[in-house]
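To start, the structure under review is shown below, and the notes come after it.
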Amino acid sequence: MPSSSRKKGGARRSGDNDTKTFVTVLVGQLMSLQLCSSDEEYSSVAEAIVSSSSPSPSLDEVPPSKEHVEEIVSTLVDYFEGDVEEHVAKNMIHNVVIDVWGDELAESLGWIRNSTADTDNEDEIEGDEDGSDADDGDYVGEGECQLCERAVKLTRHHLIPKTTWPRIKKRLWNASSTIETYHSLDDESSHEKKECTKNKLEKMLGMTDISDIPTTITHDSVRTYLFKVCLLCRQCHSAVHRIHSEMELATDYNTVDKLLGDEEILKFGKWANKQRPGKYAI
């Protein structure tokens, strides 16, 4: 659609030197919360959240509906695992929509603009001091690393990396009826059909092993699946992310047993087991 035919306040404004997109504006809103460690991570998170729920055409082509906004808000809250309250996420997405599409849309939806980085909300979005809401990489305690088995300071590794949550969540919901069908086929006479359904599920989910996916797809079961973690030393944690991409970890190495089943990770764990913990010592 040419820019001249767009509504005033739309994503592609004629005369603007810098085109505003939903992702770029969302990045700016996310930065106000200071929950990511780099500009690249902010961009990656924003793209993942938008791509998980964006219809066709994109959010830069047509304004979102109220239902679509609610879906994006829910995805954002789930992604940050309790660090962002729902009202903060809703306020943030409303501001993004207003910046991209203008006040006319806001008025039609009955919204008013508020400041996302309100100082009154600072205490509500910070993690607990005991580290229960700490991001991957932060030290969360002391104990035995689940890969190298050394007694060291530990970090929390999300077995389903956070950047993949929107895509994995969407795949699970899209495959929900097939998952229920698969788990309902238990008798021997259904063996061939179950095997066929299993192959279909593996393609839908992009996984080679579906043994640990939820048996039924609900908000709670998906949340529990995404929040799976293990405790690793800093060295093993870094090695895991160096050896495999985050999507590979989410689809193929999403349990400790699967991580240990990878030859390169196992080799590193055995090597690390013989090393002195140094600054990671208890």
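Specify the residue that is modelled with the lowest pLDDT; the eligible residues are those in the stretch 31-61 that are closer than 20 Å to K170 by Cβ, open to solvent by 50 Å² or more (accessible area, probe 1.4 Å) and in contact with a helix residue (DSSP H, G or I) (Cβ under 9 Å, 6 or more places away or on another chain).
Among those that are closer than 20 Å to K170 by Cβ, open to solvent by 50 Å² or more (accessible area, probe 1.4 Å) and in contact with a helix residue (DSSP H, G or I) (Cβ under 9 Å, 6 or more places away or on another chain), it is P55.
Inside the stretch 63-112, can you point out the residues that are at pLDDT 75 or above, open to solvent by 20 Å² or more (accessible area, probe 1.4 Å) and not in a helix (DSSP H, G or I)?
Selection gives P63, S65, E85.
Can you give me the ranges of the helices (runs of 4 or more DSSP H) entirely in the stretch 186-268 with at least 1 residues that are closer than 21 Å to Y79 by Cα and touching a residue at least 24 places away in the same chain (Cβ under 8 Å)? Explain how you work it out, then say what you get.
Details: elements: 191-205, 219-226, 234-243, 246-252, 256-260.
Here the list reads 191-205, 219-226, 234-243, 246-252.
Inside the stretch 192-236, can you point out the residues that are open to solvent by 20 Å² or more (accessible area, probe 1.4 Å) and under 15 Å from the mean Cα position of the chain (by Cα)?
Within the stretch 192-236, H219, R223, T224, F227, K228, V229 qualify.
If you scan the stretch 203-245, which residues turn out to be aliphatic (A, V, I, L, M) and under 22 Å from Y139 (Cα atoms)?
Passing the criteria: L226, V229, L231, L232, A239, V240, I243.
Out of curiosity, is A239 surrounded by 19 or more Cβ atoms within 10 Å (Cβ to Cβ) and closer than 18 Å to E149 by Cβ?
Against the criterion (surrounded by 19 or more Cβ atoms within 10 Å (Cβ to Cβ) and closer than 18 Å to E149 by Cβ), A239 qualifies.
Out of Y280, Y182, report the one residue that is surrounded by 16 or more Cβ atoms within 10 Å (Cβ to Cβ) and in contact with a Leu (Cβ under 8 Å, 6 or more places away or on another chain). I'd like the intermediate steps shown before the answer.
Numbers: Y280 fails: in contact with a Leu (Cβ under 8 Å, 6 or more places away or on another chain).
So the residue among Y280, Y182 that is surrounded by 16 or more Cβ atoms within 10 Å (Cβ to Cβ) and in contact with a Leu (Cβ under 8 Å, 6 or more places away or on another chain) is Y182.
For the stretch 242-259, give me each residue that is closer than 14 Å to E149 by Cα and either open to solvent by less than 60 Å² (accessible area, probe 1.4 Å) or of a type in the set (S, T, Y) (or both).
Scanning the stretch 242-259 gives V256, L259.
Take the stretch 147-184 and flag every residue that is of a type in the set (A, V, I, L, M), outside any strand (DSSP E or B) and either under 11 Å from the mean Cα position of the chain (by Cα) or under 30 Å from L35 (Cβ atoms) (or both). If you could, list the steps in order and put the result at the bottom.
Quick first cut of the stretch 147-184, residues of a type in the set (A, V, I, L, M) only: 147, 151-152, 154, 159-160, 168, 172, 175, 179.
Narrowing further to those that are outside any strand (DSSP E or B): 147, 159-160, 168, 172, 175, 179.
L147, L159, I160, I168, L172, A175, listed by residue number.
The values are calculated or read from the model by the stated rules, or taken from the named source; none is laboratory data. Bear in mind that the values here come from a model prediction, so they are computed numbers and not experimental data. Don't worry about glycine lacking a Cβ; one is built from the backbone with ideal geometry, like all the others, and counts go over all protein chains shown. Protein only, heavy atoms only, side chains kept; ligands, DNA and RNA dropped before computing areas. Shrake-Rupley method; radii C 1.70, N 1.55, O 1.52, S 1.80 Å.
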